[in-house]
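Okay, structure first, notes after.
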Amino acid sequence: MRTTLVRNITTLLTNDPQHDSGPLGLIQDAALLIEGDTIVWTGRTADAPPADDAVDAQGRAVIPGFVDSHSHLVFAGDRTQEFNARMSGQAYAAGGIRTTVAATRAASDEELGANVARYLAEALRQGTTTLETKSGYGLTVEDEARALRIAAQYTDEVTYLGAHIVAPEYADDPAGYVDLVTGAMLDACAPYARWVDVFCEKGAFDGDQARAILTAGQAKGLLARVHANQLTYGPGVRLAVELGAASADHCTHLTDADVDALASGDTVATLLPGAEFSTRAPWPDARRLLDAGATVALSTDCNPGSSFTSSMPFCIALAVRDMGMTPDEAIWAATAGGAAALRRTDIGRLAPGSRADLAFLDAPSYVHLAYRPGVPLVSEVWRAGRKVV
């Protein structure tokens, strides 16, 4: 396989602690060597080995591609009016999901696939090279299975979320819907998914229902993740830790016991600041989690209702400005943290053996992602050793 040397990088962020005293593994005046789709060497430009091809980074910073571990891209329709009403004073409620369910059921496979491709391309232009996405806007056996089948054409990180809300047809029989989600729907969806998820929240599924759904998915070989403690205090976070879920997502309302559980286990606390921005809800307290020793990830929660953004740089800026994170903590959470939330070691870092997913910044440092919010700093993106943007 041919090798490519990327040299003259002002600051290379590797997330490989061997290079400095902190977790970011920073190298100044750096280079990296790619063989095929894999990083095989990192170091200073002056020490670079020979290569078949060379690329001059021209003094730009290079970071790992962002790992967005929580999104909802298989949908149709628009909720502009709901957002407008919310920004005019109305409260956010989980029931707004039903609007998207109706539009998604009515859409063709081609329409849904085109939407997924569009938002993945949008995220890629902003530096996201790995993206998880979910079902959850179909809520019938057929519609959930087709959502996952479509999603699996675009990403390996696919999540079964039949338990997003109780389907409208089961409004008077939530127990019957849980039986469907853990039975025929799970059977139809499991072949297309890696993960099982549940919205454990008032207005969606309580702790007992969430436990039944997650354990049924695990029995089918799916790994667990949980929408937890977004709107209220509840059992979601501790249930996620108890069941060994890879991540508890949102984590907006946490007790001391919730924080202790996250700090003592290996469940990642995935924070989704786009949701708080778009709903004017209280910000998650990232500082509290980090100081306790919990592992924190950042993600966009891209969805048409409560967080319609695909921009990881935007979420980094929000995390630094409003959630108590330092720029170092936020960039780690958006790269290596997201990889941890997906239980991946081949992405989210730039070290020998990792996949060659790179984002070049028109800036000398990753700090500019928070320092210059809203500015399109990502100028070039490589995925698996190939330039794609």
Problem - Quotient of C-alpha Rg and 2.2 N^0.38 Å, computed over region 1-151 - result: 1.47
Exercise for the section: Report, to the nearest 10°, how far helix 141-151 tilts away from the longest principal axis of the Cα atoms in the chain, using its own Cα long axis and a range of 0 to 90°. Expected result: 10
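Excluding the sites themselves, what is the longest stretch of the chain that contains no trypsin sites (Lys or Arg not before Pro) in a DSSP loop with at most 13 other C-beta atoms within 10 Å? Each step should come with its number before you reach the end.
Working: sites that count: Arg2, Lys202, Arg280.
The longest such stretch corresponds to 3-201.
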Completion exercise
Counting sequence-distant residues (5 or more places) and residues on other chains, those with an amide H built under 5 Å from that of Cys200 are His227
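Rounded to the nearest 500 deg cm²/dmol, what is the calculated helix-only ellipticity per residue at 222 nm for the chain, with -39500 (n - 2.57) per DSSP H run of length n ≥ 4?
Numbers: 15 runs with 129 residues, N = 389.
Mean residue ellipticity, 222 nm, calculated: -9000 deg cm²/dmol.
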Handout entry: Rounded to 10°, Cα long-axis angle of helix 109-125 versus longest principal axis of the chain
Key = 40
Handout entry: Taking only Cα atoms of region 89-191, radius of gyration then Dmax in Å
Key = 14.5, 44
Fill in the blank from the handout: Whole-Hz Karplus couplings 3J(HN,Hα) for region 291-305, θ = phi - 60° and coefficients 6.51, -1.76, 1.60, Gly and Pro as x, run 5, 7, x, 6, 8, 10, 10, 10, 8, 8, 6, 3, 7, x, x
Fill in the blank from the handout: One checks the Cα atoms of region 42-122 and finds Rg and Dmax, in Å, of 21.8, 61
Exercise for the section: Pull up all non-local amide H partners of Ala61: gap of 5 or more, or a different chain, and H-to-H distance under 5 Å with H placed in the peptide plane. Expected result: Thr10, Thr11, Leu361, Ala363, Ser365
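Among DSSP bridges having both ends in the chain, what percentage is antiparallel? Round to the nearest 5. Don't jump to the answer; show the numbers that get you there.
Numbers: 26 of 54 bridges.
About 50 percent, rounded to the nearest 5.
Suppose all protein chains stay in the model; what accessible area per residue would a 1.4 Å probe give for the chain, in Å²?
Working: 14620 Å² over 389 residues.
Averaged over the residues of the chain, the accessible area is 38 Å².
Any idea what the relative contact order of the chain is, in percent, if you count C-alpha pairs under 8 Å spaced at least 6 apart? Mind dumping the intermediate values first?
Values: 973 pairs, mean separation 76.1, N = 389.
Relative contact order here is 20 percent.
Tell me whether region 1-75 comes out rounded, prolate or oblate; compute the Cα gyration tensor, take square roots of the eigenvalues as a ≥ b ≥ c, and use a/c under 1.5 as the rounded threshold. Walk me through the intermediate numbers first.
Working: a/c = 2.10, a/b = 1.41, b/c = 1.49.
Because a/c hits 1.5 or more and a/b fails to exceed b/c, region 1-75 counts as oblate.
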Fill in the blank from the handout: Taking Cα atoms, the helix 97-106 axis meets the longest principal axis of the chain at an angle in degrees (rounded to 10) of 90
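The values are calculated or read from the model by the stated rules, or taken from the named source; none is laboratory data. All values derive from a computational prediction rather than experimental measurement. Neighbour counts run over all protein chains shown; Cβ positions are idealised from the backbone, glycine included. Surface accessibility is based on the protein's heavy atoms, side chains included, excluding ligands, DNA and RNA. Shrake-Rupley method; radii C 1.70, N 1.55, O 1.52, S 1.80 Å.
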